[in-house]
Structures are given as structure tokens and as C-alpha cells.
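Visitor: Let me begin by handing over the structure; questions about it come next.
The values are calculated or read from the model by the stated rules, or taken from the named source; none is laboratory data. Not measured: the values here are computed from a predicted model. A quick note on method: Cβ atoms are made from the backbone with ideal geometry, for glycine too, and the neighbour counts reach across all protein chains shown.
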Amino acid sequence: MKTVVKIFYWLLGIVAVLVIIAFLLPKTYKVERSTFIKSNPLIIYGLTSNFQQWHLWAPWTKETDSTVIFEMTGEAAQVGTSWKWDGEVLGNGEMILSELIPGELVAYDLAFDQGKYKSIGKIVIENQGDSVKVSWLDEGDLGYNPVSRYMGLFMGSMMGPDFEKGLAKLKIVAESRYDWPRIEEITMDRQVALTVRDSAGMNTYAMVLGKAYGEIMGFIKSNRLNVAGPPFTIAVTWDSLTMSSTMDIGIPVEKAEKGRGRVEVQEFPQQKFVVAYYFGAYDQIGRTYNILDQYIKENSKEITGAPWEIYITDPMSEPDTLKWETRVAFPIK
């Protein structure tokens, strides 16, 4: 009996020592890994701020856990958007975007096991010479639970390898897209526009657009209407063999009741778009369409209408074609 009592007190003493040691351990933890990527900071930001792009580089995919189910709630790349998952290997968890600084920072709140374990994650993007330093970190408060304090000692070995794998894949993907334009998913508000429908071939685009915009601006001036946005075209049809298109050529206005001659009034409802920001001469814009097509396929988007070209820069007032901004936009679900 005395031996049992001694063993009990001996074990109790060990537990007491372990508890004391636990409270001497750090109350917080921080895991951080970094890599250098030769790419555009906005390309890296686009891949990390949009949860729909994480499958391209993050280590947590269906290849890791075939049973996992992912669910995203909210607009892509917006504060408050959440990404949930539940699987036999990956368990259940949720990330919620908490702070976004384009080209600089992606921050999120992370929770595992129905919110039992919480932390803060960040992806920091910094220009350094001819490369971009990308740091992925996670930090949390371990509280006063002795077991959690000891777990904090192993957070680096548990999370670090996944961070390293993710950053290595991110480097490959981002460097392959070094010269990609910036791509965003946006919601375009309802708008009214004056449009002219016409067709053009490879050598007649400038003439056809110039004539149509001249007619629309003449109508705007004669009716004292207010322009409400940059001019655009919508490719109603496209023939890749003849490089010809039937287009709705338009200019948004604050309001208009009816048109005249070829000028018609069209109303466009609020709708979602995926948009690429292209800078350069118009005859080199074709590659941007190919890139958007790849983006749409990678993200399983469904195109709901004809593509738009929105002309932000007036070529008559800016002689440098490298500064001409055109936004190529596809309506999506």
C-alpha cells in the first residue's frame, strides 16, 4: 500500500512540475516560412486573395483528401468571404478573409474543429529588388491550457512543411504568369447605354468604331445627355477564321428614353464579370482573351454572355500605346 501511495505522489509531483513548466512556456506561437518569387506582386496577390485560386498552389486539395468538400461563401477576394472544408484527412475548418491590401497583404481568421482552435494567418508580399518576397505565417494565442502550451512547441513542425510546399507551388504558378494582366471578379452595376450595332473585319475596326462613336456622341450632344462611363464594345458574334465580328458599340449615359437612326438605347442589368486589365495596342489584345479563357476554366466559371472591351484610355489624347488601358470582361454566373 505504501508503494502505491509513493507512486501516486511521485506521479502527482511529475504532473505538477509539467504544469509549472507549461506556464513558463510561451503563451503565443508564430509559424512563418518565406520564399522569393520572380513575378508581379499583383499576380501573387490574385492567387492568394481569391480562395477559388488556392487549389492551384495550396497543399490542401482533393489530391490530399479525396473525401474533402470545399465551400466558399461570399464574393471572391473580398473581406468577409469564407472558405470551409470538411474531410476525413483534412478534418473541418474555415478561413475568413479579414484584411486585404492589393499587392501587399492577405490576412485571414483560421479556425479548426468547429472553431475550437483559432489563429490568424497572413500572406505578406514585399518587393525586394528584382524578386518578390512572399511570407506565409500563422500565429495564435495558446491560452492557459497546459496541453495547448506544449502543443505550441510543435506548431512549427506541424504547419511548416505545408507552408513550404504551398510556397514552392505558388512560386511555380506565379512565375509562369509573370506577364499576365491583373484579373478580378467584379459586379458591374446596372447601366443605360447608347449603342450602334455594326460589323467589322481585321482592317476595318478603327473605321467602323470611329463612325459609330461619332454618331453616338452627336446624339449625346444634340440631346444634352450626360456620359456615365467609358466607351465599350460587346462582341455579339466572332469569326476566328475571318477575324471579323458583329459588335454592339456603346457609351453609357445617365439616362435616355429613345434613340435615333442607328443609335439605340440598351439597358444592362447588374451582373458579375471576370475582368482582365490589359495595357497596350489593340492589335495585341488577343492573348488577354486566351489568358481569361484559362482563368475561367481553372475556376470552373460559367460564361453567361458575349465578351466586353471597355476602353479606359482615349488613344487620341495618349500617344504611348503601352499606356492604353482596355478592360476585357466576360459576364459569368
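Visitor: Sort out for me the strands (runs of 3 or more DSSP E) sitting completely within the range 68-151 that have 1 or more residues that are in contact with a strand residue (DSSP E or B) (Cβ under 9 Å, 6 or more places away or on another chain), modelled with pLDDT under 90 and not acidic (Asp, Glu). Full working, then the answer.
Guide: Numbers: elements: 69-73, 82-87, 91-101, 105-112, 117-128, 131-141.
So the answer is 105-112, 117-128, 131-141.
For every residue, the table says whether it meets (1) touching a residue at least 24 places away in the same chain (Cβ under 8 Å); (2) over 17 Å from LEU137 (Cα atoms).
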{"site": "VAL68", "(1), (2)": "no, yes"}
{"site": "MET72", "(1), (2)": "no, yes"}
{"site": "ALA77", "(1), (2)": "yes, yes"}
{"site": "TRP85", "(1), (2)": "yes, yes"}
{"site": "LEU90", "(1), (2)": "yes, yes"}
{"site": "ILE96", "(1), (2)": "no, no"}
{"site": "GLU104", "(1), (2)": "yes, no"}
{"site": "SER119", "(1), (2)": "no, no"}
{"site": "VAL124", "(1), (2)": "no, no"}
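Visitor: Quick one: in the range 254-292, of everything that is outside any loop (DSSP other than H, G, I, E, B) and touching a helix residue (DSSP H, G or I) at 6+ places or on another chain (Cβ under 8 Å), which residue is surrounded by the most Cβ atoms within 10 Å (Cβ to Cβ)? Even if it seems obvious, please write down each step before you answer.
Guide: Initially, the range 254-292 is screened for residues outside any loop (DSSP other than H, G, I, E, B), giving 260, 263-268, 271-279, 282-284, 286-292.
Filter once more, keeping what is touching a helix residue (DSSP H, G or I) at 6+ places or on another chain (Cβ under 8 Å): 260, 263, 274, 276, 278-279, 282.
Details: ARG260: 12, VAL263: 20, VAL274: 21, ALA276: 21, TYR278: 23, PHE279: 16, TYR282: 16.
The residue in question is TYR278.
Visitor: Filter the range 36-57 for residues that are buried (at least 18 other Cβ atoms within 10 Å of the Cβ) and outside any helix (DSSP H, G or I) and give the result.
Guide: ILE37, SER39, ASN40, ASN50, TRP57
Visitor: Related question: Report yes if PRO315 is loosely packed, with under 11 Cβ neighbours inside 10 Å and of a type outside the set (D, E, K, R), otherwise no.
Guide: Working: loosely packed, with under 11 Cβ neighbours inside 10 Å: no; of a type outside the set (D, E, K, R): yes.
Considered against the rule, which asks whether it is loosely packed, with under 11 Cβ neighbours inside 10 Å and of a type outside the set (D, E, K, R), PRO315 comes out as no.
Residue-by-condition table, conditions (1) out of contact with any helix residue (DSSP H, G or I) (no Cβ under 9 Å at 6 or more places or on another chain); (2) under 30 Å from VAL275 (Cβ atoms); (3) surrounded by 14 or more Cβ atoms within 10 Å (Cβ to Cβ):
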{"position": "THR67", "(1), (2), (3)": "yes, no, no"}
{"position": "GLU71", "(1), (2), (3)": "yes, yes, no"}
{"position": "GLY80", "(1), (2), (3)": "yes, yes, no"}
{"position": "GLU88", "(1), (2), (3)": "yes, no, no"}
{"position": "GLN114", "(1), (2), (3)": "yes, no, no"}
{"position": "VAL124", "(1), (2), (3)": "yes, yes, yes"}
{"position": "VAL134", "(1), (2), (3)": "no, yes, yes"}
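Visitor: Which number in (1) over 20 Å from LYS333 (Cβ atoms); (2) surrounded by 15 or more Cβ atoms within 10 Å (Cβ to Cβ) marks the one condition that GLU99 misses?
Guide: Status for GLU99: all satisfied but (2).
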